[in-house]
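Peer 1: Have a look at this one before I ask anything.
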Amino acid sequence: MSKTKLNLTEWTNYSPEKQKEKAAKMFSELNKGAMPPKMAREKRPETIPTKDQVEIIKKWSESFPAPVK
């Protein structure tokens with residue numbers, strides 16, 4: 001996810017629904033191994049999140065309440 005897709009400095013301006021959506025997408029990208037981007041992983045392998053770090057993001061992304069219908 002690029003900064004244009006997820007700008008954490010704008011996080012508090014997102015609606016709860018958009019926060020949940022962005023958090024779920026962040027976890028999905030991490031879980032697929034697509035984040036950080038391939039070029040960044042190759043240049044700086046230390047930026048690759050550990051399984052424990054991905055699990056923390058998963059739990060965080062699941063902590064958002066379901067949207068109210």
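Peer 1: Pulled fully out, how much extra length does the chain show between residue 63 and residue 48, if you take 0.36 nm times their separation in residues and subtract their Cα-Cα distance?
Peer 2: Going from the current span to full extension adds 3.1 nm.
Peer 1: May I ask you to give the percent of accessible area on the chain that is carbon plus sulfur, with a probe radius of 1.4 Å?
Peer 2: Carbon-and-sulfur percentage of accessible area, whole number: 56.
Peer 1: Which entries in the list 22/43; 5/38; 25/58 go over 22 Å, if you measure between the two C-alpha atoms of each?
Peer 2: 22/43
Peer 1: Could you pull out every residue, at least 5 positions away or on a different chain, whose amide H is within less than 5 Å of the one on residue 6? Hs are placed 1.01 Å off N in the peptide plane, and Pro or chain starts have none.
Peer 2: So residue 6 has HN proximity to no qualifying residue.
Peer 1: Compute the accessible area per residue over the range 27-69, keeping the other protein chains in place, probe 1.4 Å, unit Å².
Peer 2: 83
Peer 1: Using only DSSP helix segments of four residues or longer, with each worth -39500 (n - 2.57), what per-residue ellipticity at 222 nm results for the chain after dividing by its residue count and rounding to 500?
Peer 2: That comes out to -15500 deg cm²/dmol.
Peer 1: Can you divide the C-alpha Rg of the chain by 2.2 N^0.38 Å and report the result to two decimal places?
Peer 2: 1.18
Peer 1: Further question: Give me the dipole magnitude in Debye, nearest 20, for the chain about the Cα centre, with unit charges on the beta carbon: positive for Lys and Arg, negative for Asp and Glu.
Peer 2: Here the chain has a charge dipole of around 200 debye.
The values are calculated or read from the model by the stated rules, or taken from the named source; none is laboratory data. Just so we're clear, the structure is a prediction, and the values are computed from it rather than from any experiment. Virtual Cβ from ideal backbone geometry, glycine too; neighbours counted across all protein chains shown. We work out accessible area using only protein heavy atoms, side chains counted, and drop any ligands, DNA or RNA first. Shrake-Rupley method; radii C 1.70, N 1.55, O 1.52, S 1.80 Å.
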